[in-house]
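Everything below concerns the one structure shown next.
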Amino acid sequence: MISERPFSQACENNKAPILTVLRQHCQAPGTLLEIGAGTGQHAAWLSGQLPHLTWQPSDVAENLPAVRQWLQDPDSQALAPIVLDVSGTWPAQQFDYLFTANTFHIMSRQLVARCIEEGCRHLAPNGQFLIYGPFKINGRFTSESNATFELWLKDIDPLRAIRDKEWIEEEFARHGRKLQAVYDLPANNMMLVFG
């Protein structure tokens, strides 16, 4: 069963750079909600590297079997995954940290706005929301490969797009959160940290 689990090379490539940022911003023990756990690779590996965090992976129902397979890894410290459709009902509790990787360009603009709104509602007052992925700066792609990537995304679904960093900042500001840090990471990706 383990040998047949879904595998993302991108997750394998970006897990160490993501960990470096999480170690800087998630130092205090607390609860972390991962939005859009995908294959489950990040939840399995990162939770084992950050055992002081109670790591709660989440995703839409059809992705949870893959997440469960990855969480069988002996080093995983993550909780059992929960269903979270960004457009639906969110968990009742607040979290100290929210983390999402490579989801904002998959969601429609409307769903990204809802994710930010609900995320801010479910984030502790001094909590941090960390978002990994490709972003535009002032409406411009940061690389030719990201421009090509967006064309591929739109072929799959016209509502998908690489989001503008400034628009994301505006959405967070509407809910009382500010951009605290920006990290340029490999493969033309960034980590945005809001608090």
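Bear in mind that the values in this text are calculations on the coordinates, not laboratory data. Keep in mind that this is a model prediction, so the values were computed, not measured. All Cβ positions, even for glycine, are placed from backbone atoms using ideal geometry, and neighbour counts span all protein chains on display.
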What is the Cα centroid distance between the stretch 1-35 and the stretch 72-96, reported in whole angstrom? 13 Å
Percent antiparallel among DSSP beta bridges confined to the stretch 21-143, nearest 5, equals 5 percent
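Per DSSP H run of at least 4 residues, take -39500 (n - 2.57); add these up for the chain, divide by its residues and hand me the 222 nm value, nearest 500 deg cm²/dmol. Write out the running numbers ahead of the final one.
On the way: 6 runs with 68 residues, N = 195.
The per-residue figure over the chain is -10500 deg cm²/dmol.
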In nanometres, the difference between 0.36 nm per residue of separation and the alpha-carbon distance of Leu151 and Val60 is 30.3 nm
Option label - percent of Cα pairs over 28 Å apart computed here, alternatives (1) 16; (2) 20; (3) 23: (2)
Dipole of the chain, Cα-centred, from +1 at each Lys and Arg C-beta and -1 at each Asp and Glu C-beta, to the nearest 20 debye? 340 debye
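Per 0.36 nm of contour for each residue apart, how much would the distance between Ala10 and Leu179 grow if the chain were fully extended, relative to their Cα-Cα spacing?
Gain in length upon complete extension: 58.3 nm.
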